[in-house]
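The values are calculated or read from the model by the stated rules, or taken from the named source; none is laboratory data. Because the structure is predicted, anything quoted here is derived from the model rather than measured. Here the Cβ positions follow ideal geometry from the backbone for every residue, glycine too, while neighbour counts run over all protein chains shown. Remember, those area values only see protein heavy atoms, side chains included, never the ligands or the DNA or RNA. Shrake-Rupley method; radii C 1.70, N 1.55, O 1.52, S 1.80 Å.
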2 protein chains.
Amino acid sequence: MAAVAGSASAGANGSAAAHRVGAPTNPMATALLTDQYQFSMAYAYWKAGKHADRAVKNPFGGEFTVFAGLEECIKFIANFKFTEDDILFLQSVMPMCEDAFFDYLRKTDCSDVEVYSIPEGSVVFPKVPLMRVEGPVAVVQLLETPFVNLINYASLVTTNAARHRHVAGKSKVLLEFGLRRAQGPDGAISASKYCFMGGFDATSNVLAGNLFGIPLRGTHSHAYVSSYMSLDEIPDKSLKSKDGSRVCKDFVSLVKEWLQKIQLADSLCGVFGETNQSELAAFASYALAFPTNFLALVDTYDVMRSGIPNFCAVALALHDLGYKASGIRLDSGDLAYLSIEARKVFRTLEKEFNVPAFGKMIITASNDLNEETIDALNKQGHEVDSFGIGTYLVTCYSQAALGCVFKLVEINSRPRIKLSEDVAKVSIPCKKRCFRLYGKEGYPLVDIMMRESEPSPKAGKRILCRHPFLESRRAYVVPQHVEELLQCYWPDKPRVELPSLEEIRGRCMQQLEKLRPDHIRRLNPTPYKVSVSAKLYEFIHSLWLNEAPVGELQ
Amino acid sequence: MAAVAGSASAGANGSAAAHRVGAPTNPMATALLTDQYQFSMAYAYWKAGKHADRAVKNPFGGEFTVFAGLEECIKFIANFKFTEDDILFLQSVMPMCEDAFFDYLRKTDCSDVEVYSIPEGSVVFPKVPLMRVEGPVAVVQLLETPFVNLINYASLVTTNAARHRHVAGKSKVLLEFGLRRAQGPDGAISASKYCFMGGFDATSNVLAGNLFGIPLRGTHSHAYVSSYMSLDEIPDKSLKSKDGSRVCKDFVSLVKEWLQKIQLADSLCGVFGETNQSELAAFASYALAFPTNFLALVDTYDVMRSGIPNFCAVALALHDLGYKASGIRLDSGDLAYLSIEARKVFRTLEKEFNVPAFGKMIITASNDLNEETIDALNKQGHEVDSFGIGTYLVTCYSQAALGCVFKLVEINSRPRIKLSEDVAKVSIPCKKRCFRLYGKEGYPLVDIMMRESEPSPKAGKRILCRHPFLESRRAYVVPQHVEELLQCYWPDKPRVELPSLEEIRGRCMQQLEKLRPDHIRRLNPTPYKVSVSAKLYEFIHSLWLNEAPVGELQ
């Protein structure tokens, strides 16, 4: 096995090419990032001489999920090492442990650990293990908490992003605006990374742009608009035309002329009266700074009476100089109605003043949006091209946690099972292989878990798929295509190359497209079937009977 | 003004003494951690020559809240500086900006910024500004997003922790177990810090223990129990007595003897039969590693038929050697019923075998707990001493985001107002002073905001407190004690000393105790009143009339 633990090559990067395992994105992801009882257990294992046992553990996804966080897990184990400071701290909080245990920790790395995993960005279903971690039990124990930490939120928010993409449709631009509401700086960084993975197009978070190469997008805030009082506050009013051929010495006057033309335009029947002058000053000033990229927030005072005519005046003045304004952002009010009304004005002005494509101005909406509100907008009809989504996206408001857990399934080649009065919580024991079986139409039909010793399912060959717990539920399947789900990520390959963020994002989009639409529809989706082989079924149930105490009714 | 920006003294530490401003806890909290449009606005301000205007901005709390995150904000501005790499990146994503702007950014720090804030750990109410940031508008703009990021989740989770403390009561031990479900590594670190601040007693997160000196607590997991098959797996069965006077050569046999005694005990009428031997092995092994600190998870197989008798056998064997077992953890099932039944067994054994305090064994409960479930347990009656809370605590499941915002309230000494069709979203303009007025019984009565030029309220002197928007709602108040809420944190003091985490935690607990109980009760709490002075009221409303467009009904 090629031990790459402790490698310290370049960190996360935004290149689209596959890259070597670097440092974890988050400097907090060190070997101390674990629950205290994991060290207690590691000590107890060490004390009992069990630290070299090989444990196999599975974290399960609780629902239909896009699996994410694998790259960070691999980086975590590649860099897993205790510093002398870490050891000193651990000694101070665990004074009852023998010194030799700390010597053991000093020497511990993950060179003896193996990780099999479903590729990041895959669509996964409950009960199928996302990942299998094998290695000395004390070390695997120390990986449990950080792995679950690194996978849970990552998978949750990627799934949330993918759901937003699904409801918004392929043609819309989705912007992640979550930095303000995420769990601190790194919560925000993770949110930006995984929202992009789940199908978003850009983020407002500059640091995420820098770390991962995610495109950056955003516009100004209400504060920028309120910061202006009048047009006199603009010191330099000159603007060079886009082709550099001439200079407009007083852009502000040009804007004022256009505002008047709009107010008097026959086709608008005088719908626009006086507009807010501080807003007009803010827009003009912003356009002077960003003539190639003018996007205005139009709801600080009144969208239809002030924001839209002010924006159009500035946009038409820019057009005179060869620039093309980007569009507007709506951040309050009835987004369906306002976007439709704004579109009408843009189209009317396109005709009135013969400005090609003015009617296609981008309309971005951004007020507390989520799956439900986008769905409602779609039903009402709207003219929004782009959605900026923050709070509901990054906090995963509608379900703020994913029930991803890590279960011991085998120790020293002996299967282990976790029983529970709740059948859904019973773990599926032993080291398994997992396959996705595809049908004639190219859709995945069912996932099947098998014992390691069983032969793989074959295309064209009938196989019995059983429900893991309900005896009567079983079906024969003739797969057209078979895909093995768990692949070795650590340390089997001579040099581990992880796919780039762009590649993982591509995988996610492609996997979602491949699913039968009723599995991913928003309302009442059909459950995707997850099964076990006949052999694994028999095995689980004999083990269960052996372990479960026989009740006594009194 | 003493410029301390760029100071690079020691980072976060766990000492109880006040400490100098160090580096931000999270290495991600760098000057790039902001929305892209903040740089766009900074450029537009710079381009318009407005970058030296003094802006005053207020982030508001959306509901009753414990204010947290101030220390991280102060550390953020103390370390606010763009590296050459940052500048290169910004140039690459904003190629349209002039070079001189980047030179301006190179020289930018927060030495010219002033921060007034309510002390961290204070109880705050909607509309009263938590913080006032003054300084060059371009710089203040760049602080908006990171400050809101650093305050929003911090205040949300501190408030959530304080609410859990309130419902659990003072006598219970509260443990934060959220690492697995937080937003990545730093989300977890923030959660641990702020849950402690809000009244929790300990965390399971080792890194948080190391960074902040928070006490560490936890027990083993189900995986530890499942990893054992039989008592034969324990290689070294010897245990020295607590006083070191003797060695028990076969602790496992001693445990077996005790298990038999329990099974035969008259007072238990033979309720205990065969127990799970792998569980017994795991408990015995854990006790050998942690004889002074034995706490067992008793629900892997069956709490009452296996976990409790196995635990008691090991605990009584430890007692023979002078040790005192800590207790049990329940992680599934009917926690009220199981805790009561477990307590009965402990008390019965205390009498049966004359083991003092055995009945007082600590019972920890930890299965998906939250405010509601703890409240329900309290109503049913239970014997739980300690609650371990994870998911619902750190994700703030019942309300995953706080609506804390940053508003421009004044520029160049001219007040600014943000209007909205929703009255609750109208900002209260201008630089303000804020006071809390206390009544005869020592409770706070009302918070009042005043214009900066007004004289402060005085104890014993009648003052009119007006609702900020509703004309008819006003009351005269004669305060017994007056507290000014906003204090200068940056850079007024020659060396800024921030209170320690312990001190902030103390402030939070004390402030919650000082509130009239009906303001913090769980169901239908009485809203706390927030008011403005008569002068500020007049001022707001005249500004509002000036700025708002007059509608036309057609």
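Tabulated results
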item	result
Ascending list, in nanometres, of distances separating the A:Asp320 label from those of the other copies (7 Å, Cα toward Cβ)	9.9
Cα-based Kirkwood hydrodynamic radius, the range B:219-384, one decimal, Å	16.0
Cβ neighbours within 10 Å from other chains - mean over A:368-380	0
Estimated 222 nm signal from helices in chain A, with DSSP H stretches of n ≥ 4 weighted -39500 (n - 2.57), rounded to 500	-11500 deg cm²/dmol
Spacing of the two label points (7 Å from each Cα toward its C-beta) at A:Ser245 and B:Glu98, in nm	2.5
Protection-proxy order for peptides B:236-249, B:141-154, each taking the mean of Cβ atoms within 10 Å per residue, highest first	B:141-154, B:236-249
Sequence ranges A:106-119, B:178-191, B:267-280, ranked by mean other-Cβ count within 10 angstrom, highest first	B:178-191, A:106-119, B:267-280
Fully extended contour minus Cα-Cα distance, from B:Lys458 to B:Ile340, at 0.36 nm per residue	37.1 nm
For the range A:166-194, residues shielded by at least 40 square angstrom of accessible area compared with the chain on its own, probe 1.4 Å	A:Leu179, A:Arg180, A:Arg181, A:Gln183, A:Pro185, A:Asp186
Residue-wise HN-Hα coupling along the range A:71-87, computed from phi with Karplus coefficients 6.51, -1.76, 1.60 (Hz; x: Gly, Pro)	4, 5, 5, 5, 4, 4, 6, 5, 10, 6, 6, 8, 7, 4, 5, 4, 4
Förster radius 35 Å - calculated FRET efficiency between A:Asp236 and A:Asp266, Cβ distance, rounded to 0.05	0.50
Placed amide H near B:Gly388: partners under 5 Å, 5+ positions off or other chain	B:Leu175, B:Ala365, B:Ser366
Heavy-atom accessible area order for A:Ser192, A:Ser326, largest first, 1.4 Å probe	A:Ser326, A:Ser192
Karplus-derived HN-Hα couplings along the range A:118-126 (A = 6.51, B = -1.76, C = 1.60, θ = phi - 60°), whole Hz, x at Gly and Pro	5, x, 4, x, 7, 7, 10, 10, x
Helix axis angle, A:534-547 relative to chain A longest principal axis, alpha carbon, degrees	70
Accessible surface buried upon B-A contact (total; probe 1.4 Å; Å², nearest 100)	9300
Under the Karplus curve 6.51 cos²θ - 1.76 cosθ + 1.60, θ = phi - 60°, whole-Hz ³J(HN,Hα) for the range B:437-452, x wherever Gly or Pro sits	9, 9, x, 4, 7, x, 7, x, 9, 6, 9, 10, 9, 9, 5, 4
Distant-in-sequence amide H partners of B:Lys529 (H built 1.01 Å from N, under 5 Å)	B:Asp447
Dipole magnitude of the protein assembly as shown about its Cα centre (Cβ charges: Lys, Arg +1; Asp, Glu -1), debye to nearest 20	800
5 angstrom amide H check on A:Arg474, placed H, neighbours 5+ away	A:His467
Label geometry 7 Å along the beta-carbon vector: B:Arg473 inter-copy distances in nm	5.2
Cα-based equivalent ellipsoid of chain A: semi-axis lengths in Å, sorted from largest, via gyration tensor	55, 28, 19
Rough spin-label spacing in nm, given labels placed 7 Å along Cα→Cβ, for B:Asn367 and A:Ser171	5.1
At q = 0.05, 0.06, 0.07, 0.08 Å⁻¹, base-10 log of I(q)/I(0) for the protein assembly as shown (Debye sum, equal scatterers on each alpha carbon)	-0.36, -0.52, -0.70, -0.90
Residue order for B:His467, B:His519, B:His166 - accessible surface, 1.4 angstrom probe, largest first	B:His166, B:His467, B:His519
Heavy atoms of A:Arg505: accessible area, 1.4 Å probe, square angstrom to 10	40
Chain B - percent of accessible surface contributed by carbon and sulfur, probe 1.4 Å	50
Pair B:Ala475, A:Ser413: separation of 7 Å Cα→Cβ label points (nm)	7.7
Members of the range B:277-315 that become less accessible by 50 Å² or more once partner protein chains are added (1.4 angstrom probe, chain alone as reference)	B:Ala289, B:Phe290, B:Tyr301, B:Arg305
0 to 90° range, to nearest 10: angle between helix A:137-168 axis and chain A longest Cα axis	40
Overall dimensions of the range A:121-177 as given by Cα atoms, namely Rg and Dmax in Å	15.8, 49
Sites B:Lys360 and A:Lys81, calculated FRET efficiency, Cβ-Cβ separation with R0 45 Å, nearest 0.05	0.60
Solvent exposure of the protein assembly as shown as accessible area per residue, Å², 1.4 Å probe	37
Share, in percent, of DSSP beta bridges within the protein assembly as shown that are antiparallel, nearest 5	70
Shortest-first distances to equivalent copies, position A:Gly270, nm, label 7 Å out along Cβ	10.3
Nearest-10 value in Å² for the accessible area of A:Glu452, using the 1.4 Å probe	90
Efficiency of FRET between B:His467 and B:Glu503 - r from beta-carbon atoms, R0 30 angstrom, step 0.05	0.30
